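The values are calculated or read from the model by the stated rules, or taken from the named source; none is laboratory data. Keep in mind it's a predicted model, so treat the numbers as computed, not measured. Glycine also receives a Cβ, built like all others from the backbone with ideal geometry; neighbour counts cover every protein chain displayed.
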Amino acid sequence: QVRLVESGGGLVQAGGSLRLSCAASGRAFSSYDMGWFRQAPGKEREFVAAITWSGGITYYADYADSVKGRFTISRDNAKNTVFLQMNSLKPEDTAVYYCAAGNTRRAQGPYDYWGQGTQVTVSS
């Protein structure tokens with residue numbers, strides 16, 4: 001059983017930055033694959049970024065083309081936390097951002113656990 005709580009969302013002007021955090025409860029956090037998704041008004045939830053195990057050897061980061069070069073996913077296993085650093089934000093990044101966890105070993109999932117989401121609004 002894993003509980004995920006996102007934080008760090010807010011209102012920012014285009015070109016600005018935000019850092020989202022996802023705090024996880026439960027054991028064996030380091031073994032979980034972690035992902036970030038977002039859902040804009042009137043649109044389906046879409047994949048943003050993930051950090052997953054590659055054959056149990058090392059972590060691998062993956063990004064949607066729309067955020068590649070602007071967003072960075074990272075994790076601190078000692079703090080059971082995953083981060084999403086978002087730079088050069090655009091109005092189209094406006095969405096509710098969700099943290100996900102699971103043993104999928106695939107960047108896009110499926111994931112087993114989801115947070116409640118945090119709102120990110122980018123003004124033009």
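Determine which member of the set Ser74, Ser66 is in contact with an Asp or Glu (Cβ under 9 Å, 6 or more places away or on another chain) and not β-branched (Val, Ile, Thr).
Ser66
Looking at Ala101, Ala78, Ala95 in this structure, which one is free of Cβ contacts under 8 Å to residues at least 40 places away in the same chain and of a type in the set (Gly, Ala, Ser)?
Ala78
Out of the residues in region 73-106 meeting the condition of being small (Gly, Ala, Ser) and within 14 Å of Arg38 (Cα to Cα), tell me which one is surrounded by the most Cβ atoms within 10 Å (Cβ to Cβ).
Ala100
Across region 24-49, what is the number of residues that are over 17 Å from Pro91 (Cα atoms), crowded, with 16+ Cβ neighbours inside 10 Å, touching a Lys or Arg at 6+ places or on another chain (Cβ under 8 Å) and not acidic (Asp, Glu)?
Summing the residues that are over 17 Å from Pro91 (Cα atoms), crowded, with 16+ Cβ neighbours inside 10 Å, touching a Lys or Arg at 6+ places or on another chain (Cβ under 8 Å) and not acidic (Asp, Glu) in region 24-49 gives 2.
Pick out the one residue from Val2, Val48 that is at pLDDT below 90 and closer than 18 Å to Gly117 by Cα.
Val2
Kindly provide the set of residues from region 47-59 that are free of Cβ contacts under 8 Å to residues at least 24 places away in the same chain and not polar (S, T, N, Q), ordered by number.
Gly55, Gly56, Ile57, Tyr59
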